[in-house]
1. So, in region 117-163, how many residues would count as being touching a strand residue (DSSP E or B) at 6+ places or on another chain (Cβ under 7 Å), in contact (Cβ under 8 Å) with a residue 24 or more places away in the chain and not aliphatic (A, V, I, L, M)?
2. Quick check on region 127-181: of everything there that is small (Gly, Ala, Ser) and surrounded by 18 or more Cβ atoms within 10 Å (Cβ to Cβ), which residue is farthest from Ala94 (Cα to Cα)?
3. Could you tell me which residue of region 33-72 is nearest to Ile10 (Cα to Cα), considering only residues that are among the polar types (S, T, N, Q) and not in a strand (DSSP E or B)?
4. Which condition number in (1) loosely packed, with under 13 Cβ neighbours inside 10 Å; (2) modelled with pLDDT of 95 or more is the one that Ser97 fails?
5. Of everything in region 73-117, what is outside any strand (DSSP E or B), acidic (Asp, Glu) and over 12 Å from the mean Cα position of the chain (by Cα)? Give them in sequence order.
6. Return the only residue of Glu120, Glu124, Glu148 being within 41 Å of the chain's Cα centre (by Cα), within 25 Å of Glu12 (Cα to Cα) and outside the structural domain of Asp32 (by TED's automatic domain parsing).
7. Considering only residues that are assigned to a strand (DSSP E or B) and touching a helix residue (DSSP H, G or I) at 6+ places or on another chain (Cβ under 9 Å), look in region 12-29 and name the one that is nearest to Gly80 (Cα to Cα).
Amino acid sequence: MNLVLNDQVIYEVSGPQYQCNSPRGVYRAVLDPGFDPDDYIFMWRNSEGTIVNRGQTISSAQQEELSLEVQPKIGAACPGPPITFETVPFVHQAQVSLNAESGICFDNTPAVITADIDVELSDEIRIEWHRVTNGNSERIPQFDDLTEISVDESGTYRAFVINETADLQCIIGTDEIEVFRSDSEPPVLEESYTICAIEGVSTTLDSLGNWSEYEWWLDGELVSTDSTFTPIEPGNYELILSDQASCEYALSFEVIEDCRLLITIPTGLVPGDEERNFVVYVNDFVDEISVLIYNRWGELIYHCIEEMFQKIPHFANGMDLSMAKRSP
């Protein structure tokens with residue numbers, strides 16, 4: 001009987017080797033020079049000790065513990081201890097979603113773009129940002145590895161998630177977003193408006209600019225989404241506007257209900273002086289006035305009743321009487 005003694009084989013596990021389109025990593029048993037792989041048996045075992053492969057290579061698409069033992073096909077085995085290692089699957093795809101709450105708004109506030117990614121960034125997995133101009137994608141290196149960026153130029157922005165494991169450079173996810181610049185101008189409203197609902201006197205608020213959405217709120221309750229609005233109730237109002245660039249603008253005003261009769265008369269006059277004659281101003285709620293003038297002895301020297309009035313602009317006692325009526 002011939003007894004063949006073998007030197008203890010020296011080997012190691014190399015890898016993994018990956019491809020961009022697969023999570024599977026390939027591991028190889030590498031023998032030292034002088035040992036012919038054809039003369040040996042390769043036994044790959046899982047964590048339970050079950051042999052799962054007998055080739056020189058093994059592939060795995062999941063994270064698991066494996067071990068490798070190499071023995072000669074002929075002769076007495078002189079095995080070394082098995083090599084135990086843990087497989088690492090390749091991250092070959094990522095879900096990327098770019099979001100921006102608004103575009104570049106009327107006060108030149110930059111647009112903030114956020115990248116939501118379902119993988120964790122690391123030394124191997126990183127993010128690149130590009131701006132697309134005339135079909136050409138130009139990298140923005142100052143935004144590398146950031147998941148939130150601020151931009152002050154409109155256009156298309158694109159994010160790439162790249163896996164550089166094992167000297168590869170694989171694009172595993174991408175998304176793009178269009179950033180618009182707002183051309184809307186914020187409207188100007190008065191701090192307060194006075195109405196008298198019972199007399200049908202109000203103010204219609206319109207010509208507010210180029211907005212896509214209008215929200216009129218009264219004391220916290222949405223009362224209208226029209227582009228024009230005529231308040232018929234007193235209270236504190238808020239107008240919220242948004243445009244196609246998703247820019248929002250909000251402003252507040254108060255509506256006061258006042259149905260009082262307002263009459264303003266001069267404290268004196270100079271006969272024959274057109275600049276200092278006797279003029280009575282009233283607001284819209286007065287339909288008829290009777291003017292009686294007495295001298296210092298109590299004698300009635302003038303009396304008239306007026307029903308038709310000329311509308312003139314005037315301010316009296318700090319109140320806006322732009323729709324006042326005049327009685328000569």
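The values are calculated or read from the model by the stated rules, or taken from the named source; none is laboratory data. All figures in this text were calculated on a predicted structure; none of them were measured in a lab. Cβ atoms come from the backbone with ideal geometry, glycine included; neighbour counts cover every protein chain shown.
1. Of the residues in region 117-163, 18 are touching a strand residue (DSSP E or B) at 6+ places or on another chain (Cβ under 7 Å), in contact (Cβ under 8 Å) with a residue 24 or more places away in the chain and not aliphatic (A, V, I, L, M).
2. Filtering first and then ranking leaves Ala159.
3. The residue in question is Gln56.
4. It fails just one condition, (1).
5. Going through region 73-117, the residues outside any strand (DSSP E or B) turn out to be 73-75, 77-82, 87-95, 101-103, 105-110.
Then keep just the ones that are acidic (Asp, Glu); that gives 101, 107.
Within region 73-117, Asp107 is the sole residue that qualifies.
6. Glu124
7. So the residue we want is Ala29.
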